[in-house]
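Beneath this line is the structure, given in structure tokens, with notes to follow.
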Amino acid sequence: MSIWVIFTLLGSLALLMYGMKSMSEALQKMAGPQLRHVLGAMTTNRFTGMLTGMLVTASVQSSTATTVMTVSFVNAGLLTLAQAISVIMGANIGTTLTAWIMSAGMSFDVGSLAYPAFLVGIILIYQKKYRYIGDFLFGLAFLIFALATLRTTGQNMHLGENQAVLDFFASFDPNSFVTTLIFLLLGGILTFCVQSSAAVMAITMILCSSGALPIYQGIALVMGENIGTTVTSNLAAMSANTQARRAALAHMFFNVFGVVWILFIFRPFIDMVCGWVGYDVNMTMETAGTHAFMANAAKLSFVLAAFHTSFNVANTMILIWFIPQIERFVCWVIKSKKVDEEEDFRLHFITAGFMKTPELSVLEAQKEIQQFASRMQRMFGMVRELLTLSSSHTDKKDNQAGDFNKLYTRIEKYEGISDNMELEIAKYLDSVSDAHLSDDTKAKIRAMLREISELESIGDACYNMARTISRKYNGKQDHFVEKQYDHMHQMMELTDQSLSQMNKLLGGRKETYDVNRTFNIENEINNYRNQLKSQNINDINNHEYSYAVGTIYMDLINECEKLGDYVVNVVEARMGLRQKDA
């Protein structure tokens with residue numbers, strides 16, 4: 001075998017992997033939001049969840065993409081872990097469509113179809129309106145071209161007539177259970193190393209259809225590939241949160257369980273699939289002749305695809321009844337982390353291991369921003385509580401000081417969390433923006449960068465108020481009068497209402513949100529600030545309290561008004577509105 005044949009083979013596999021990736025990303029750009037809505041709406045029970053996972057995976061040609069969407073929905077509370085497991089089961093069936101596409105490419109000369117696809121694709125790419133269709137056609141053309149090249153290369157290698165190759169596979173006893181386990185392990189290792197089950201499937205199809213690799217060993221490779229692909233996702237999930245790791249473990253359990261039971265009926269099951277396709281298991285080159293043997297071997301790519309589908313469908317039909325038990329098992333294996341929330345600086349949804357496609361990465365970032373916004377409202381709630389503690393009389397100060405200082409320390413930690421979250425989310429979005437994105441996704445990333453900047457400003461405003469309250473509490477100035485406390489609490493109630501509206505928008509769909517609610521609360525905050533400003537001057541002139549106390553009081557009122565402005569900026573960014581002039 002010459003070095004150029006090896007390079008042609010490896011280059012074709014690289015083209016195949018790139019073509020699959022391009023097709024998947026283009027399909028997600030065209031239908032990503034709709035697919036996400038379908039995934040959220042159609043998982044009412046285990047059977048609709050399974051069908052949804054199957055349809056979405058068949059549509060985007062990526063079980064990984066479906067798994068990432070599913071995990072992010074579990075994190076957001078839109079799906080239970082049990083529903084996610086049913087979707088992942090469906091994804092395993094949907095991904096078998098890839099094997100059928102590849103088997104067709106290996107069995108028929110489809111290479112000539114690649115060139116029209118390239119031509120039409122490049123024309124559409126330069127037309128802005130249809131460029132995602134062009135991206136899809138380009139990916140499809142690469143896939144077809146790679147399959148045609150692999151088919152030709154496989155034929156030119158004459159593996160079925162290469163005595164050294166035949167002797168190598170003949171050295172394994174075809175009737176031995178150990179041989180099956182060896183090829184099972186080999187398939188898993190190959191998939192883990194190549195990081196592409198499609199590439200390993202293509203290699204297996206070349207070896208089988210050339211007559212070099214017996215069908216039983218070829219099927220064992222495919223089964224190993226099923227396990228190898230779950231090892232990759234479990235390693236990727238190691239740095240992720242609890243629910244992501246549980247979903248990845250459920251995926252591995254599903255595939256490993258399937259391999260275990262199929263081993264008990266290995267040959268009868270394969271013989272049944274071969275009978276469906278019309279492949280003669282017992283035919284040899286010596287008894288039937290070279291021509292008839294090679295014609296029979298050409299059907300093996302369809303046998304592999306048929307087995308892949310039959311195996312996943314049968315496995316799903318068995319395990320779909322045991323989803324609650326699988327859920328309990330993965331929850332037992334992977335316990336929830338008991339981490340003090342104030343000490344937890346990790347991002348909850350964004351994980352490097354799950355950053356597979358830009359469109360899905362944006363969804364992960366949106367969930368993180370929701371978490372960020374919820375934290376900022378909790379931080380503001382602590383500031384309100386701090387103000388209440390500071391209103392205690394001097395004789396209670398010694399008893400209250402411990403609680404006051406403890407709460408102030410928590411607010412300080414939250415300010416550090418807000419800084420960290422802004423930097424981490426911005427860094428993540430920056431890495432996503434390096435990819436080829438749709439206009440809609442580019443706009444979303446710009447909006448999200450503005451959102452996290454404003455949310456960090458909300459954290460700064462909360463911390464500024466806490467420091468002001470702390471200075472007042474620990475200083476020697478006079479106390480606020482009862483009227484001032486009432487006004488501050490009323491202003492903080494209005495500010496909290498605006499934060500609640502912001503979180504309602506970030507947690508839902510902007511089409512259903514009435515932005516006038518936020519603007520009305522902002523007008524109330526501004527009018528009340530102006531009213532209190534005028535009243536403060538009169539109260540100082542009337543000697544109701546000192547000028548120093550009045551200054552601190554207005555600092556807190558003004559900080560609330562600023563915080564309200566930041567909230568409006570977040571809402572405008574999410575709604576796609578232009579920022580108001582300062």
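The values are calculated or read from the model by the stated rules, or taken from the named source; none is laboratory data. Predicted, not measured: the structure shown is a model, and the values here were computed from it. Ideal geometry is used to build each Cβ from the backbone, glycine not excepted, and the neighbour counts take in all protein chains shown. Only protein heavy atoms, including side chains, enter the accessible area calculation; ligands, DNA and RNA are left aside. Shrake-Rupley method; radii C 1.70, N 1.55, O 1.52, S 1.80 Å.
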Flagged in the range 220-258 as modelled with pLDDT of 85 or more, more than 17 Å from L190 (Cα to Cα), aliphatic (A, V, I, L, M) and open to solvent by less than 10 Å² (accessible area, probe 1.4 Å), in numbering order, are A250
Kindly indicate which of L181, L166, L186 is open to solvent by 20 Å² or more (accessible area, probe 1.4 Å), assigned to a helix (DSSP H, G or I) and at pLDDT below 80.
L166
Criterion first (in contact with a Gly (Cβ under 9 Å, 6 or more places away or on another chain), at pLDDT 65 or above and assigned to a helix (DSSP H, G or I)) does F73 satisfy it?
yes
Of (1) of a type in the set (G, A, S); (2) at pLDDT below 75; (3) farther than 23 Å from G134 by Cβ; (4) open to solvent by 10 Å² or more (accessible area, probe 1.4 Å), A82 satisfies all except one. Which?
(2)
Taking the residues in the range 25-43 that are open to solvent by less than 10 Å² (accessible area, probe 1.4 Å) and over 19 Å from K129 (Cβ atoms) as candidates, determine which candidate is modelled with the lowest pLDDT.
T43
Among the residues of the range 553-569, is any of a type in the set (G, A, S), outside any loop (DSSP other than H, G, I, E, B) and open to solvent by 60 Å² or more (accessible area, probe 1.4 Å)?
no
Is the range 498-508 home to any residue that is open to solvent by less than 20 Å² (accessible area, probe 1.4 Å), in a helix (DSSP H, G or I) and within 20 Å of T551 (Cβ to Cβ)?
no
From the residues in the range 190-219 that are among the polar types (S, T, N, Q) and over 19 Å from M294 (Cβ atoms), which one is most open to solvent (accessible area, probe 1.4 Å)?
Q195
State yes or no: is I369 modelled with pLDDT under 85, surrounded by 21 or more Cβ atoms within 10 Å (Cβ to Cβ) and under 24 Å from T242 (Cα atoms)?
no
Any idea which residue in the range 535-552 is nearest to F519 (Cα to Cα), counting only those that are open to solvent by 70 Å² or more (accessible area, probe 1.4 Å) and polar (S, T, N, Q)?
N538
For residues in the range 105-118 being at pLDDT 75 or above and hydrophobic (A, V, I, L, M, F, W, C), which is farthest from G139 (Cα to Cα)?
L113
Look through the range 169-218, keep the residues that are under 26 Å from the mean Cα position of the chain (by Cα) and hydroxyl-bearing (S, T, Y), and return whichever of them is farthest from A99 (Cα to Cα).
T191
